[in-house]
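Engineer: The structure under discussion is supplied below as structure tokens; questions concerning it will follow.
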Amino acid sequence: MVSIAPMRLGFYMGYAQPGTSPLELLELAREAEQLGYDSAWAAEAWGTDAITPLAWLGALTERIKLGTAIMQLPGRSPANAAMTAATLDMLSGGRFLMGLGTSGPQVVEGWHGQEWGKPLGKLREYVEIVRAVLRRERLEHHGVHYDIPVTGGTGLGKPLKLMARPLRAEIPIYLAAISPKAVDLAFEIGDGWLPIFWSPEQAPNVFPLHRARTDFDIAPSVPALLTDDVESGRNMLKEYYSFYIGGMGARGKNFYNDLACQYGYEKEAAEIQDLFLGGDQRAAAAVVPDAFVDEVALVGSVERMRDRLAAWRESGATTLLISTRDTATLRAVAEAAG
């Protein structure tokens, strides 16, 4: 099992919530750099994108790595994703970390207008193409999901080679994965893995961590909240968890709900989903168990966080991506991990 001593921390910016500006997240990321955080990660759903804030942040910082958690596959062709990665890596002096994910069927079909299909096969081909582009190979790929140059059409398409010369031909690629097959793929072809809802107690039993290489980065996102009132802090996070367990996906097709079940919360996961999809989101949040929040988040004083981080050190995680909107919490976690 891999240990994290000393602790390596990243700041999970996520995406700007409706009515807020990404500039607020960038100020926190700049503070994270001053505190010694190793990386900052931007996300995207169907609002602000993941790349633009990182480009802005790169111009304002000198050391902190710039990661995407995640770039959605259906949002960009693999060639465009490789161009974007090469460009941001050049502009930042080699600080880019490329986090990729399939997203879910609601977003893939309802926002990007693409069929869900077989996402793991698509992800494998996507990574192959990205890496070929970054190596400046002439791009020719004829797979199940991507056909480059396209067969048919005008017949004018020809294999092209990236005009730019990347600063690094091998930019680290992280994969977001929850299902067992997706996690297997991350260990097989990725440089890192971006898990969500990481339980130090349960994750080693649920996921095949023995397959991780010594040079492989397991970087779970970890909601954190500095507070003297642990119960109140837990309750503040329960809305977030109930949204994913109850509403992020359809009934019978919700990966986050499945994971909660694997962690031993089958009864609660079913009830949360029933309430959330039934329109009672407040009641759904109330059902999220205190024990679940304590497992997958850092809530409380610096001392409580420090005690809890001992379990994370032994869990197999190698980087913790701290998710918070609070400067004091960023500082508290850095102190607890120091």
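Engineer: Starting from the stretch 242-258, keep only residues that are closer than 16 Å to Gly279 by Cβ, then list their pairs with residues that are surrounded by fewer than 19 Cβ atoms within 10 Å (Cβ to Cβ) whose Cβ atoms are within a distance under 6 Å, requiring at least 6 positions of separation or different chains.
Structural biologist: Here the result reads none, with nothing in the stretch 242-258 linked to a residue that is surrounded by fewer than 19 Cβ atoms within 10 Å (Cβ to Cβ).
Engineer: Confirm whether Val144 is of a type in the set (Val, Ile, Thr), modelled with pLDDT of 95 or more and open to solvent by 50 Å² or more (accessible area, probe 1.4 Å).
Structural biologist: In short, yes.
Engineer: Can you pull out the residues in the stretch 34-57 that are open to solvent by 10 Å² or more (accessible area, probe 1.4 Å), under 19 Å from the mean Cα position of the chain (by Cα) and more than 26 Å from Val107 (Cβ to Cβ)? Full working, then the answer.
Structural biologist: Restricting attention to the stretch 34-57, the residues satisfying the condition of being open to solvent by 10 Å² or more (accessible area, probe 1.4 Å) are 34-36, 38, 44-49, 51-53, 55-56.
Checking the rest, the ones that are also under 19 Å from the mean Cα position of the chain (by Cα) come to 38, 44-49, 51-53, 55.
If the condition is that a residue be open to solvent by 10 Å² or more (accessible area, probe 1.4 Å), under 19 Å from the mean Cα position of the chain (by Cα) and more than 26 Å from Val107 (Cβ to Cβ), then Asp38 is the only one that fits.
Engineer: Another one. Leu97: more than 30 Å from Arg165 (Cβ to Cβ), open to solvent by 10 Å² or more (accessible area, probe 1.4 Å) and at pLDDT 95 or above, yes or no?
Structural biologist: no
Engineer: Looking for something among the aromatic types (Phe, Trp, Tyr) and either free of Cβ contacts under 8 Å to residues at least 40 places away in the same chain or open to solvent by 50 Å² or more (accessible area, probe 1.4 Å) (or both) - is there at least one such residue anywhere in the stretch 118-140?
Structural biologist: No: zero hits.
Engineer: Is there a residue in the stretch 99-108 that is in contact with a strand residue (DSSP E or B) (Cβ under 6 Å, 6 or more places away or on another chain), farther than 30 Å from Gly252 by Cα and touching a residue at least 40 places away in the same chain (Cβ under 8 Å)?
Structural biologist: no
Engineer: Looking only at the stretch 221-255, count how many residues are small (Gly, Ala, Ser), open to solvent by less than 40 Å² (accessible area, probe 1.4 Å) and either within 13 Å of Gly104 (Cβ to Cβ) or not in a helix (DSSP H, G or I) (or both). I'd like the intermediate steps shown before the answer.
Structural biologist: We begin by selecting, within the stretch 221-255, every residue small (Gly, Ala, Ser); these are 221, 224, 232-233, 242, 246-247, 249-250, 252.
Adding the requirement that they be open to solvent by less than 40 Å² (accessible area, probe 1.4 Å) leaves 221, 224, 233, 242, 246-247, 249.
From what is left, the residues that are either within 13 Å of Gly104 (Cβ to Cβ) or not in a helix (DSSP H, G or I) (or both) are 221, 224, 247, 249.
Residues in the stretch 221-255 being small (Gly, Ala, Ser), open to solvent by less than 40 Å² (accessible area, probe 1.4 Å) and either within 13 Å of Gly104 (Cβ to Cβ) or not in a helix (DSSP H, G or I) (or both): 4 in total.
Engineer: Here's another thing I want to ask about it. Suppose the filter is open to solvent by 10 Å² or more (accessible area, probe 1.4 Å), aliphatic (A, V, I, L, M) and modelled with pLDDT of 95 or more; does Leu320 pass it?
Structural biologist: no
Engineer: What do you reckon, is Ile148 touching a residue at least 40 places away in the same chain (Cβ under 8 Å), β-branched (Val, Ile, Thr) and over 18 Å from Ala55 (Cβ atoms)? Reasoning before the result, please.
Structural biologist: Numbers: touching a residue at least 40 places away in the same chain (Cβ under 8 Å): yes; β-branched (Val, Ile, Thr): yes; over 18 Å from Ala55 (Cβ atoms): yes.
Yes.
Engineer: Also, I was wondering about something else. Select from the stretch 176-194 the residues that are out of contact with any helix residue (DSSP H, G or I) (no Cβ under 6 Å at 6 or more places or on another chain), crowded, with 21+ Cβ neighbours inside 10 Å and assigned to a loop (DSSP other than H, G, I, E, B) and list them in ascending order.
Structural biologist: The one that is out of contact with any helix residue (DSSP H, G or I) (no Cβ under 6 Å at 6 or more places or on another chain), crowded, with 21+ Cβ neighbours inside 10 Å and assigned to a loop (DSSP other than H, G, I, E, B): Gly190.
Engineer: Let me ask something additional. Residue check, Gly113 against (1) at pLDDT 95 or above; (2) assigned to a loop (DSSP other than H, G, I, E, B); (3) open to solvent by 10 Å² or more (accessible area, probe 1.4 Å); (4) in contact with a strand residue (DSSP E or B) (Cβ under 7 Å, 6 or more places away or on another chain), all met but one. Which one?
Structural biologist: (4)
Engineer: Also, I was wondering about something else. Just wondering, is there one or more residues in the stretch 155-175 that are buried (at least 19 other Cβ atoms within 10 Å of the Cβ), out of contact with any helix residue (DSSP H, G or I) (no Cβ under 6 Å at 6 or more places or on another chain), modelled with pLDDT under 95 and small (Gly, Ala, Ser)?
Structural biologist: No, every residue in the stretch 155-175 fails to be buried (at least 19 other Cβ atoms within 10 Å of the Cβ), out of contact with any helix residue (DSSP H, G or I) (no Cβ under 6 Å at 6 or more places or on another chain), modelled with pLDDT under 95 and small (Gly, Ala, Ser).
Engineer: Please go through the stretch 68-86 and give me each residue that is in a loop (DSSP other than H, G, I, E, B) and among the hydroxyl-bearing types (Ser, Thr, Tyr), ordered by number. Please lay out each step first, then the result.
Structural biologist: Keep residues of the stretch 68-86 that are in a loop (DSSP other than H, G, I, E, B), which gives 69-70, 76-77.
Residue satisfying the conditions is Ser77 alone.
The values are calculated or read from the model by the stated rules, or taken from the named source; none is laboratory data. Source: prediction; values computed, not measured. Note that we place each Cβ from the backbone using ideal geometry, even for glycine, and neighbour counts take in every protein chain shown. The area values use the complete protein model at the heavy-atom level, side chains included, leaving out ligands, DNA and RNA. Shrake-Rupley method; radii C 1.70, N 1.55, O 1.52, S 1.80 Å.
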